[in-house]
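Read through the structure below, which is laid out as structure tokens, and then see the notes.
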Amino acid sequence: MNNKTKQTVLNGLMIALVCIATMVVQIPTPGTNGYVNVGDCVIFISSILFGPITGMLAGGLGSSLADILNGYSHWALFTLIIKGFEGYLVGIMIKNNSTIAKNLLATTLGCIVMVLGYFIAGAILKGSFIISAASIPSNVIQGIISMVIAVPLASSLGKVNYIKSFKIKVQS
């Protein structure tokens, strides 16, 4: 299999994993009619291990697909942009030099992008920044939970020889 095929398969796999993680683990938040999920965890892992493009595709396409499949189609375009940018930003900050401190900083900024992005998108969809502000606490919790899971998991997975060899073959 050539590198382009491996990259396509990897991107498709990470898109599917983000979608599944978003759809399977859902904690409803009554105040917002939405839910907290762990899709961001997979976005962070994708970005840390495989770079900004895979993180962007996994975040944007996987999360927006989950929105469509879960009946939140009106959020899908916003999600595509917000989660895509979140994944890209984390991947760009990490590049090929991943440390725990750098991963924490990058995922923290990714969480801030997600929280602010959904705050603005909510204000557009609901017509009010005050109503949209109700989503901030649950989005912050979602981001923190995802960071707590993703950073140590990505650090451990990054040490696996298979992941290292795959990353080198795919990214070069």
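Read-outs: derived from the displayed coordinates by stated rules, not from any lab. Just so you know, these numbers come straight off a predicted model, no measurement behind them. Glycine gets a Cβ as well: all are built from the backbone with ideal geometry, and neighbour counts include every protein chain shown.
How tilted is helix 100-126 with respect to the longest principal axis of the chain? Cα atoms for both, answer in degrees (0 to 90, nearest 10). Relative to the chain, helix 100-126 is tipped by roughly 30 degrees. Close amide-amide hydrogen proximity is noted between residue 38 and 25, each under 5 Å apart and 5 or more residues distant or on a separate chain (H modeled in the peptide plane; Pro and chain starts excluded).
Here is the list for segment 1-83: chymotrypsin sites (Phe, Trp or Tyr not before Pro) lying in DSSP coil, each with at most 16 other C-beta atoms within 10 angstrom of its C-beta, are 72. Calculated [222 nm] ellipticity per residue, helices only, for the chain: -24500 deg cm²/dmol; basis is -39500 (n - 2.57) per DSSP H run with n ≥ 4, divided by all residues, nearest 500.
From most to least packed by mean Cβ count within 10 Å, the peptides 82-91, 106-115 give 82-91, 106-115. Taking 4 °C and 1.567 mPa s as the conditions, I'd like the Stokes-Einstein D for segment 16-172 in µm²/s, using the Kirkwood hydrodynamic radius from alpha carbon pairs. The estimated diffusion coefficient comes to 84 µm²/s. Under the convention that each Lys and Arg Cβ holds +1 and each Asp and Glu Cβ holds -1, the size of the dipole of segment 3-171 around its Cα centre is about 640 debye. Placing a label point 7 Å from the Cα of residue 27 along the Cα-to-Cβ line, the residues of segment 119-156 whose backbone N sits under 13 Å from it are 137-149.
Pull up the cross-link candidates among the aspartates and glutamates for residue 95, meaning alpha carbon to alpha carbon under 16 Å and not fewer than 8 places away within one chain. Straight-distance partners of residue 95: 86.
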